[in-house]
Every structure is written in C-alpha cells, then in structure tokens.
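Report on one structure; see the data block that follows.
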Amino acid sequence: MEGRSARAVERLKPLLVQEEQRNPTFAAQIAMELSDLRQAEGAAGEALALARRAEKLLAGSERRDLIILGQLQLVKLHLAQKDFAAADERFEAIRERTTQSGDYVVTLATGITAARLKGLLAGGRQRAEALDDLDRIRA
Amino acid sequence: MIDAFEARLAAGELARPPERSAKLEEIAREARRLGLERIARRAEEIRREA
C-alpha cells in the first residue's frame, strides 16, 4: 500500500500544477486528496501546506460544500498536530455555515469533527456525550 | 463504508484505556482486511499515541 500511496502522490502532484490555472476547483480537490495522502504518510507539514493551498484555490469559489470540506480538513490536521486551539477556532468559524449545508458528506464530516473536538477538548461528561454522538452517526 | 470507519476511528480515539487500544486494534484489522490501508494506519497511529 505504501507503494500505491507513493505512486498516487507522484501522479497527483503534476496534475495539481496542471489544473491550478485551468480548473482551480478541481485543483483544490486534488490538493485535498494529496494532503490526506501525505498526512497518512506522516508528512504533517506538507499535508498542512497542501490543505492551505486548497483553501486558497477555493477562495471565491461557489462550491460551498468544498470550501467547508477544505476547512474541515484543516481542522483535522490541527487536531492531528494537537493544536487544539487552532482546530477549535477554525471549526467555530465555519460551524454556522455547516448547519446550512444539505450535503451528506459535509454533514457527516461536520458531525464527526464536532464530536472529536467535544471529546478531545473537554473531559468527563462531554467525552461521554461525544461518544454517544458518534454512535448516533454510525447508526 | 469509509464514513463508518471515520466515525469508528473517532470513537476509538475518545475511548478510555484499555477499551481504546482494543477498539483501535480491531479497526486496523478490519480496515486492512478490506484493503483500507490508510484507515488501518491511522488506527495504529492513534493507538500508538495512547
């Protein structure tokens, strides 16, 4: 799998450069996928840079679902780096917009992220509530 | 299916030991059986952070 992942990265990187001018929205999706792949390989700094690149590419886009998913990706990366304050701040900035989205993936990713934040930032009862939230999401 | 694994990963992350370790080990095993290597590796990484 590591080989497959590395090959995917090799193929996606030139595609990202190619699509940046031609189709920024598609390029942003590529950057988000690359960010996920690099994060899985432990390249946290590069993953964060790619997620920020996606954020820039989506600036001014009308694809609200993608903008939110890009922001949720950044929250996820902050959480992976244990930067809870940055994760919380970024999530609070988009919380209102996520509730207005009718997109299934956005709703799901938001629910999981909200539960993780609740459970990781708070303790005790809030952690138990977060686990209940995740049970409901999985049901 | 990946969505369900994401929710399970989060639940594993928030669980208390020793349940935490067992849950994450189970997620990694199931994900690997289904060819979801990225999920499996994340589960192992979270387990190591304990």
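The numbers here are math on the coordinates, done by the rules we state, and not lab data. Fair warning: this is a prediction, and the values are worked out from it, not measured in the lab. So basically every Cβ, Gly included, is an ideal-geometry build from the backbone, and we count neighbours across all protein chains shown.
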Taking the Cα centre of the protein assembly as shown as the origin and placing charges on Cβ (Lys, Arg +1; Asp, Glu -1), which of B:Ala4, A:Val75, A:Val106 is farthest toward the positive end of the dipole? B:Ala4
At 7 Å along the Cα-to-beta-carbon direction for both B:Leu34 and A:Lys13, put a label point, then send me their distance in nm to one decimal. 3.1
Label model pair A:Phe26, A:Ala44: point-to-point distance (7 angstrom along the Cα→beta-carbon line) in nm is 3.4
How large is log10 I(q)/I(0) at q = 0.31 Å⁻¹ when the Debye formula is applied to the Cα atoms of chain B, each weighted equally and without solvent? -1.21
Reduced to Cα centres, the span from chain B to the range A:90-139 in Å works out to 18
Kirkwood-based Rg/Rh on the Cα set of the protein assembly as shown evaluates to 0.96
So for the range A:83-139, using the alpha carbon gyration tensor with a ≥ b ≥ c as root eigenvalues (a/c under 1.5 gives rounded; past that, a/b versus b/c decides prolate or oblate), I'd call it oblate
What dipole magnitude, in Debye to the nearest 20, does the range B:2-48 give about its Cα centre under +1 on Lys/Arg Cβ and -1 on Asp/Glu Cβ? 140
Under 16 Å from A:Lys56, Cα to Cα: aspartates and glutamates that are on another chain or at least 8 residues apart: A:Glu19, A:Glu20, A:Glu33, A:Glu46, A:Asp65
Top of A:Ala128, A:Ala114, A:Ala86 by mean-square fluctuation, Gaussian network on chain A, Cα under 10 Å: A:Ala128
Give the lysines reachable from A:Lys82 as a straight Cα distance under 17 Å; neighbours fewer than 8 places away on the same chain don't count. A:Lys118
Ignore the peptide's own chain and count Cβ atoms of other chains within 10 Å of each Cβ in A:113-124; give me the average, rounded. 2
